[in-house]
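Scroll down for the structure; my scribbles are underneath it.
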Amino acid sequence: MKIAINKAHFPVTVLGPGRRIGLWLQGCSIGCKGCVSQDTWARDPGREMTVARLLSWCRQTTGGVFDGVTISGGEPFDQPQALAVLLDALRDWRAAENADFDILCYSGYPLARLQKKHARLLGKLDALIPEPYLDHQPLTHLWRGSANQPLVLLSERGRRRLADYVDAGADSGGKRIQAMVDGERVWYVGIPARGDMAALEAACTERGVAFAQVSWRQ
Ligand code: SF4
């Protein structure tokens with residue numbers, strides 16, 4: 001089974017507790033106003049890889065030592081079959097190694113729709129952050145971009161590991177953004193506050209660093 005991937009990174013420390021594998025899926029049909037990940041919107045067959053190869057990367061990169069997996073995008077539920085295969089592979093890995101990592105997934109779809117259309121997928125997750133990003137709502141809670149987005153605990157492991165974060169404030173986890181340099185690309189991971197990316201661009205421009213292409217506008 002192939003899955004379209006925008007990027008993968010380890011360790012991610014700003015999208016869930018501990019040191020995590022971050023997997024960003026490619027393709028999003030929702031189009032929230034103000035989305036800062038517009039580079040993930042297009043469906044792109046050139047970004048497909050097999051789930052087996054992705055799992056192999058996860059194993060090699062982490063050495064099996066990590067706290068969780070965060071799946072974001074893009075819209076993970078726009079690839080439901082590939083997402084099911086990925087979640088099964090992660091769960092098989094966890095069971096085979098008797099590991100205790102949690103699996104957290106983001107979605108821009110409403111919780112009620114996911115419960116109706118994708119109940120089986122929800123049953124494979126430990127936690128979910130659903131609902132579209134609403135630009136006019138403030139950033140109030142840890143790991144969430146707008147106040148309408150809940151942290152939904154879906155398993156015993158999810159409740160044990162994540163219950164303390166359901167009502168946690170946006171800044172209670174320390175830093176909100178990680179920045180990475182990859183060749184000539186600089187990319188960030190995390191939940192920026194309103195205006196953060198424009199302020200970053202302005203500060204860089206002032207210092208003579210021009211952004212050729214950015215993910216928060218097309
Ligand atoms: S915020 Fe997420 S769901 Fe909304 S348009 Fe951006 S990638 Fe898609």
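The values are calculated or read from the model by the stated rules, or taken from the named source; none is laboratory data. Please read all numbers here as calculations on a predicted model, not as lab measurements. A quick note on method: Cβ atoms are made from the backbone with ideal geometry, for glycine too, and the neighbour counts reach across all protein chains shown.
Identify the single condition in (1) in contact (Cβ under 8 Å) with a residue 12 or more places away in the chain; (2) not in a loop (DSSP other than H, G, I, E, B) that A112 does not satisfy, given that it satisfies every other one.
Checking A112 against (1) in contact (Cβ under 8 Å) with a residue 12 or more places away in the chain; (2) not in a loop (DSSP other than H, G, I, E, B), the one that fails is (1).
Okay, residues lined up against (1) within 16 Å of the ligand (Cβ to nearest atom); (2) closer than 23 Å to I30 by Cα; (3) part of a loop (DSSP other than H, G, I, E, B); (4) among the basic types (K, R):
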position: L104; (1), (2), (3), (4): yes, yes, no, no
position: K116; (1), (2), (3), (4): no, yes, no, yes
position: E131; (1), (2), (3), (4): yes, yes, yes, no
position: Q137; (1), (2), (3), (4): yes, yes, yes, no
position: W143; (1), (2), (3), (4): yes, yes, yes, no
position: A147; (1), (2), (3), (4): yes, yes, yes, no
position: R160; (1), (2), (3), (4): no, no, no, yes
position: A163; (1), (2), (3), (4): no, no, no, no
position: D167; (1), (2), (3), (4): no, no, yes, no
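Pairs please, first residue from the range 92-108 and of a type in the set (F, W, Y), second anywhere and within 16 Å of the ligand (Cβ to nearest atom), Cβ atoms under 6 Å, 6+ apart in sequence or on different chains.
Y106/S72; Y106/I129
Just to verify a result, which residue in the range 206-218, among those that are at pLDDT below 80 and loosely packed, with under 14 Cβ neighbours inside 10 Å, is farthest from V12 (Cα to Cα)? Don't jump to the end; show me each part of the working.
Here is the first cut: in the range 206-218, the ones at pLDDT below 80 are 208-218.
Now drop any that are not loosely packed, with under 14 Cβ neighbours inside 10 Å, which leaves 208-213, 217-218.
Working: G208: 29, V209: 26, A210: 26, F211: 24, A212: 25, Q213: 23, R217: 24, Q218: 26 Å.
The qualifying residue farthest from V12 (Cα to Cα) is G208.
Looking only at the range 19-34, filter to residues that are over 14 Å from the mean Cα position of the chain (by Cα) and not hydrophobic (A, V, I, L, M, F, W, C); which one of those is surrounded by the fewest Cβ atoms within 10 Å (Cβ to Cβ)? It would help to see each step written out before you state the result.
First pass over the range 19-34, keeping only residues over 14 Å from the mean Cα position of the chain (by Cα): 29-34.
Now drop any that are not not hydrophobic (A, V, I, L, M, F, W, C), which leaves 29, 31, 33-34.
Details: S29: 12, G31: 11, K33: 9, G34: 14.
Filtering the range 19-34 for residues that are over 14 Å from the mean Cα position of the chain (by Cα) and not hydrophobic (A, V, I, L, M, F, W, C), the one surrounded by the fewest Cβ atoms within 10 Å (Cβ to Cβ) comes out as K33.
If you check R20 against the conditions, is it out of contact with any helix residue (DSSP H, G or I) (no Cβ under 9 Å at 6 or more places or on another chain), away from the ligand (no atom under 16 Å from the Cβ) and closer than 28 Å to M197 by Cα?
Yes; evaluated as a whole, the condition is true for this residue.
Sort out which residues of the range 181-203 are crowded, with 17+ Cβ neighbours inside 10 Å and among the small types (G, A, S), and write them in order of number.
G190, the sole residue that qualifies.
For Q81, which of the numbered conditions (1) without any contact (Cβ under 8 Å) to a residue 60 or more places away in the chain; (2) more than 16 Å from the ligand (Cβ to nearest atom); (3) more than 20 Å from G16 (Cβ to Cβ) fails to hold?
Result: Q81 passes all but (1).
Might you check whether a residue that is modelled with pLDDT of 95 or more, out of contact with any Leu (no Cβ under 8 Å at 6 or more places or on another chain), outside any helix (DSSP H, G or I) and of a type in the set (A, V, I, L, M, F, W, C) occurs anywhere in the range 61-74?
Checked the range 61-74: at least one residue is modelled with pLDDT of 95 or more, out of contact with any Leu (no Cβ under 8 Å at 6 or more places or on another chain), outside any helix (DSSP H, G or I) and of a type in the set (A, V, I, L, M, F, W, C).
For a quick check of your reading of the model, give me the residue pairs whose first member lies in the range 22-46 and is β-branched (V, I, T), whose second is outside any loop (DSSP other than H, G, I, E, B) and more than 11 Å from the ligand (Cβ to nearest atom), with beta-carbon atoms closer than 8 Å and at least 6 apart or on different chains.
These pairs meet every condition: V36/M197.
In the range 148-170, how many are surrounded by 12 or more Cβ atoms within 10 Å (Cβ to Cβ) and free of Cβ contacts under 8 Å to residues at least 12 places away in the same chain?
First, the residues of the range 148-170 that are surrounded by 12 or more Cβ atoms within 10 Å (Cβ to Cβ): 148-155, 157-163, 165-168, 170.
From what is left, the residues that are free of Cβ contacts under 8 Å to residues at least 12 places away in the same chain are 159-160, 163.
Qualifying residue count, the range 148-170: 3.
Could you tell me whether V51 is without any contact (Cβ under 8 Å) to a residue 60 or more places away in the chain, more than 9 Å from the ligand (Cβ to nearest atom) and either over 20 Å from D67 (Cα atoms) or of a type in the set (V, I, T) (or both)?
Working: without any contact (Cβ under 8 Å) to a residue 60 or more places away in the chain: yes; more than 9 Å from the ligand (Cβ to nearest atom): yes; either over 20 Å from D67 (Cα atoms) or of a type in the set (V, I, T) (or both): yes.
For V51, the condition - without any contact (Cβ under 8 Å) to a residue 60 or more places away in the chain, more than 9 Å from the ligand (Cβ to nearest atom) and either over 20 Å from D67 (Cα atoms) or of a type in the set (V, I, T) (or both) - is met.
Given (1) within 16 Å of the ligand (Cβ to nearest atom); (2) more than 20 Å from C105 (Cβ to Cβ), where does L151 come up short, assuming only one miss?
Every listed condition holds for L151 apart from (2).
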